[in-house]
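Reading through the structure tokens given below for one structure.
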């Protein structure tokens, strides 16, 4: 049985079986909990240092460029020249193709 | 001298392609850049035709042909196809430039870059 | 002589879309419903013939279909002067990829393009692109390749500029057209070089006489760069984000599949024509360099994007890098003894990744288009909370996104696992880079998912997209799920014949 499932490199079926088993075990622990617990009315609201959440839903959702801001900011010395290199000028597109062609030509001529 | 004479078309091919590439790389007007593409196109077509040429051979038309050798027929077929494709692509690109001019008001390649980064 | 439909199926794969491409404008004269029906029939018939050809290849063996041959199925010395189509495992893999994506994009277009004028021309362009890509893949004739290359360029540029909003899509189409035409001219130049040297255009005939001289090297470099450009490998990738972003949402996956098709063609030419005359280790090294650049630059640029389609476009550039990397590793092991240990595994991983990538990328682009359809914006800074109104699209995006990020148990993981295992044996540092890129891809998919779908309902969405669009995404999702659940079966039945078709043996 195991042989059939794990015949090659890996088996998604076995993976999903393990996932389902894990979920069952988790549900078992969950069902051991206290059923008398009541959900509070604040469930799902964001916690902002104990302040009341803003009325406008737009202010709750942090999105767009703010996600991974720290990561991209830390890498700005690498990313900014890269972004600047994508000029959008048609001449540059052709330029890159010609340059690559020349470099590949040299590479192929020397090494192959 | 003779070999130089036969090399002349290929020199011309190189000149045309380099001229076309220069135009495409360094001219900022989109119409001029398309002209550059057309020049490269002609260079490549000339290259194909020059490949087929053999001195003293006749055109490859079988109907009532004299009994002598013929030049290579395939490159001529290729060139014809390539010319037709070239007309289509040039027309399409020029029509794009017309629409671009309507919307952006310019044909400068350094100005027409709202898609970038 | 009776018409042998199975033998002639490669010709029908081209002929059907070409015929129906010009039937749709005629049908439009009668009624809109008939036009849509004609388009759908053409698409389904093409898919049917792809299925017929693939079934024959997988159950029996591949064959070469020669146009204008006296006897079908017989290869004489004249066959190499005629146009030859190759129906083998590799062509089957590639055409299946194209067919699945075309089916998804075609069904999606009905609702997405509703209200647009000139739809009969849209269908014409769509079917012409389909014929062009399949022609590029199936042909074994260099000049025929050039013709289909240009057909694909012209038709797909028409598709890109089809919905013109403030001229941006025209700009993208012009850029794509311009660089494709210049690429095509260089391709023609290299074809001329090869023809001038060998006097023949058939891949197999050239492969017999190719000697690796200066002319061959020049031709090889030009073909590599041009098809690499069309496949959007860095640093010739810059057209890709523009085009994928500005093209109509329904056909974006289809434009993306043209670049995948070019990659298939590139691999076929490298394996069939140039393999015996070059040092495969060095040429494989070149593919690996291009692949690493594509992976890394693609994913880095995606970090800075705030446009959902542009972000996915850069991710797709980085996915192209995986295929170049894996096939480069496989190609470089052809000469030494490593092919049996990990070279074959790398090729299987690369080709499996290609078919996976075609499908899940289509799914991602279509769900991004669903976002645009429903909210009217692509800006991630404005989007949010779409999961409240669009539950199905959310699910489809999640499946596609997890697959592109290579999260088990989805199909992207299966192919990436093969790639990691093989390139680790080639050089461990490559596997580490591939893993890092995969992690950043996951982070970016998380960013898009969090931004667009999670959070409070901002009231942007008009509700779930129409049923036909859901159906199209559903079909692609089903394919992703099947590939996810049975990777061993897919590899054994579809991918391994493709590797064997390229004539590589341990």
Fewest-first sequence of C:322, A:109 by Cβ atoms within 10 Å of each Cβ:
A:109, C:322
Within a 10 angstrom radius of each residue's Cβ in B:85-91, how many Cβ atoms of other chains show up on average? Whole number is fine.
5
Measure nothing fancy, just the Cα-based angle from helix B:30-52's long axis to the longest principal axis of chain B, in degrees from 0 to 90, nearest 10.
10
dims of segment C:175-291, Cα set, principal axes, largest to smallest, nearest Å -> 46, 28, 20
Rel. contact order, % - alpha carbon contacts under 8 angstrom, at least six apart, chain C:
16
Could you please tell me the mean projected area of the C-alpha convex hull for the protein assembly as shown, averaged over all directions and given in square nanometres to one decimal?
37.7
Given C:380-386, A:59-65, C:16-22, the highest-first ranking by average Cβ count within 10 Å works out to C:380-386, C:16-22, A:59-65
Angle between the Cα long axis of helix A:12-31 and the longest principal axis of chain A, 0 to 90 degrees, nearest 10?
30
Checked segment C:396-468 against the a/c 1.5 cut and the a/b vs b/c comparison, axes a ≥ b ≥ c from its Cα gyration tensor; verdict prolate
Which one, A:74, A:26, A:52, has the greatest fluctuation when you compute a Gaussian network model over chain A with C-alpha springs under 10 angstrom?
A:26
Span from the segment C:24-98 Cα centroid across to the segment B:52-117 one, whole angstrom:
28
If you average the C-alpha positions of segment B:9-35 and of segment C:351-421 separately, how far apart do those two centres end up, in angstrom?
42
Residues C:460, C:159, sorted so that the one with the fewest Cβ neighbours within 10 Å comes first:
C:460, C:159
I need the shape label for chain C. Rule: rounded when a/c is under 1.5, else prolate if a/b > b/c, else oblate, with a, b, c from the alpha carbon gyration tensor.
oblate
Peptide ranges C:234-246, C:360-372, C:52-64 listed from the most packed, as the mean C-beta count within 10 angstrom indicates
C:360-372, C:234-246, C:52-64
What whole number of Å gives the distance from the Cα centroid of segment C:453-476 to the Cα centroid of segment C:115-174?
28
Cα shape, segment B:2-104, gyration tensor, a/c 1.5 rule
oblate
Percent RCO, i.e. relative contact order, over segment C:217-332, from Cα pairs under 8 Å lying at least 6 residues apart:
34
Over the protein assembly as shown: helical MRE at 222 nm, DSSP H runs n ≥ 4 each giving -39500 (n - 2.57), nearest 500
-23500 deg cm²/dmol
What number, in percent, do you get for the relative contact order of segment B:54-117 if the mean sequence gap of Cα pairs under 8 Å and at least 6 apart is divided by its residue count?
17
Let me know the mean shielding of C:287-293 by other chains, meaning the per-residue number of their Cβ atoms within 10 Å of its Cβ.
1
Provide the packing ranking of C:210-217, C:414-421, i.e. peptides ordered by the mean count of other C-beta atoms within 10 Å per residue, highest first.
C:414-421, C:210-217
Just tell me how shielded C:215-221 is by partners: mean number of partner chain Cβ atoms within 10 Å of each residue's Cβ, no decimals.
4
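Each reported figure results from applying straightforward, stated rules to the coordinates on display, with no laboratory input. Predicted model only: the values in this text are computed from it and were never measured. In this analysis, Cβ positions are derived from the backbone assuming ideal geometry, glycine residues included, and neighbour counts consider all displayed protein chains.
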